Each structure stands twice: as structure tokens, then as C-alpha cells.
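Take a look at the structure below.
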Amino acid sequence: MSALTIRNLKKTYGNGVEALKGIELTVEKGDFFALLGPNGAGKSTTIGIISSLVNKSSGKVSILGHDLDTERALAKQKIGVVPQEFNFGQFEKVFDIVVTQAGFYGIPASLARQRAEKYLRQLGLWDKRSNQARTLSGGMKRRLMIARALVHEPDLLILDEPTAGVDIELRRSMWDFLIGLNEEGRTIILTTHYLEEAESLCRNIAIIDHGQIVENTDMKSLLEKL
Ligand code: ADP
Ligand code: ADP
């Protein structure tokens, strides 16, 4: 069973834009996978569909064997998503944001607080736990979203441009953190438009352009070709 299977996935937005024109993708369990492509290629749309934020037009998506059409609730338990935009309440406190998210997954309050502490510590945000989210720097907000996405300990973590707008130093430490998660056995998929980021982190890669997968290979073969 694969971590993610996408078959002939299509999306046409209400304004007529054909964002996805038949995506085919398989990501195996334990992989560290990059979806690379220029702006407008369809990366966020793909992530949006996988994370149930965007409705697909047609096609099949399954997450660890759970079809999104027929087993959506189970599929959602298995994934953590770090979207590109900061989508938490700006006046909410850091600790509460993570604990509240755990509640959505039915995690009991005491365990939720324990997990929130664990991930906020790992991401260097424990000192900021009582601060309102709006007071954090961009890099801290990004890390807060990662902590929030991990609180239900998903098998598959999906990050949409995780280091966009993050400075070099923090980027390195985020990379190290993601490598650690992958070494623990979590499957990681990230989107990026930096080949360097994909190269530093990922074993396998798909390149998306104009809503289609134009390349799908292991990183080593891709680099030999370039
Ligand atoms: P859906 O196919 O999910 O119904 P819509 O076409 O209704 O999507 O658009 C959803 C939202 O995205 C709307 O609020 C719309 O204004 C906004 N939107 C429209 N065009 C774009 C675009 N090119 N990029 C980002 N957001 C857009
Ligand atoms: P990427 O993440 O690779 O930059 P997107 O998935 O955001 O690409 O966008 C793919 C295409 O769909 C683009 O042409 C974009 O303008 C369009 N698009 C994205 N979101 C919406 C939306 N909500 N409504 C209409 N068009 C959209």
C-alpha cells in the first residue's frame, strides 16, 4: 500500500482555469518526496485536494489505502498538512492553537497538552506558548503550523512551500527537523519551486507544469540528466 496514490486527477476552477489536467502520482511509504514546479503549475491545487480544502473535478485520490471519496474521515486522520498561508487566528495563543487542533481529532485534553508541549519544544516555540500568534515572526508562524500539523501524529506530512520567505539559517534548521521526522518513519511530501531544496531533502521527485506531471523519477537520475 502506498502513502499516496493519485489517478487522473483533474481540477477546473469556477472561473474556467484548468489547474490540473490529469495528474498521476504514487508516493511510497517512508519516502521524502518533492513536487517541484513553477508558480501556477498546480502544486497548491494538488495539495488542497489531498487535504480536502479544494474539491476535485474528477479522478481518484487515496491516502494510505483510504479513498478520499469513500473514506475521507480515515484519510484525514492519516495526514498532516502545512498550507502556504497562515490560517490560524492571529489573536489566539500559540499553545491554544496546537491544543485546539488536537481536539478536532478527538485527542483527549491531557494528551493534547502533552503533544502540544512536545512539538512546540521541538520547534523552538515553547517560550512563545503564551504569545498571540500575530506577535510571531514569519519563520515562527511557519514552525507553529508544522507543530499544529503534527499534533495527531500523522503518517504522512504534506508541506506546501515550507520555507517560502524563511531565511537561510532557519531554512537549514527546518530541513534538519524534517529529515528527523522522515527518519522516524513518517512519509513527507513537500512542494517547492527551488530545485536546491528538493535536492537537499528528497529521494524522489515529480515535476509539475501547467497542471501535468512532466517528470517523475528519483533525485539522483534527475540530477544526472540536468
Ligand atoms: P471552486 O472551483 O472551488 O468553486 P472558485 O473558482 O469558486 O473555486 O474560487 C474559490 C476562491 O478562490 C474564490 O474566492 C476566488 O475568488 C478565488 N480565486 C479566484 N481566482 C484565483 C486565482 N487565480 N488564484 C487564487 N485564488 C483565486
Ligand atoms: P502553484 O501552487 O503551483 O503555484 P496553483 O495550484 O496555486 O499553482 O495554481 C494553478 C492554477 O490555478 C493557476 O493558474 C492559478 O491561477 C489557478 N488557481 C489557483 N487557485 C485558484 C482558485 N481558487 N480559483 C481560480 N483559479 C485558481
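Just a few scattered comments:
- Descending semi-axes in Å of the range 101-226, equivalent ellipsoid built from Cα gyration tensor: 30, 17, 13
- Taking label points 7 Å from Cα along the Cα-to-Cβ direction, residue 221 and residue 121 give a separation of 4.3 nm.
- Taking the helices alone, the chain has a mean residue ellipticity at 222 nm of -11000 deg cm²/dmol, built from -39,500 (n - 2.57) per DSSP H run of at least 4 residues and averaged over all its residues.
- Between residue 72 and residue 1, the modelled label-to-label distance comes to 2.1 nm, taking each label 7 Å out from Cα in the direction of the beta carbon.
- Translational D in µm²/s for the chain (Stokes-Einstein at 4 °C, 1.567 mPa s, Kirkwood Rh from C-alpha pairs): 72 µm²/s
- Violating pairs (Cα-Cα greater than 22 angstrom) within the set 10/141; 21/56; 43/76; 29/78: 10/141
- Charges were assigned to the Cβ only: +1 to each Lys and Arg, -1 to each Asp and Glu. The resulting dipole of the range 35-126 about its Cα centre is roughly 180 debye.
- For the peptides 11-19, 188-196, the ranking by packing is 188-196, 11-19, with the highest mean count of neighbouring Cβ atoms within 10 Å listed first.
- Residue-span extension gain [residue 176 to residue 85] - 0.36 nm each, minus C-alpha spacing: 30.5 nm
- The distance separating the Cα centre of the range 85-152 from that of the range 36-70 comes to 25 Å.
- Reachable aspartates and glutamates from residue 118, criterion Cα separation under 18 angstrom, eight or more residues apart if same chain: 96, 127, 153, 155, 176, 183, 184
- Summary value for the chain: 29 percent relative contact order, contacts being C-alpha pairs under 8 angstrom separated by 6+ residues.
- C-alpha long axis of helix 109-122 to longest principal axis of the chain, angle in °: 70 degrees
- To the nearest ten degrees, helix 94-104 and the longest principal axis of the Cα atoms of the chain are 60 degrees apart.
- Here the dipole of the chain is about 680 debye; that uses its Cα centre as origin and unit charges on the Cβ of Lys and Arg (positive) and Asp and Glu (negative).
Taken together, the values in this text are just the output of simple stated rules run on the coordinates, not laboratory data. In this text, all values refer to a predicted model and were calculated from it rather than measured experimentally. Every residue, glycine as well, gets a Cβ built from its backbone with ideal geometry; the counts of neighbours run over all protein chains shown.
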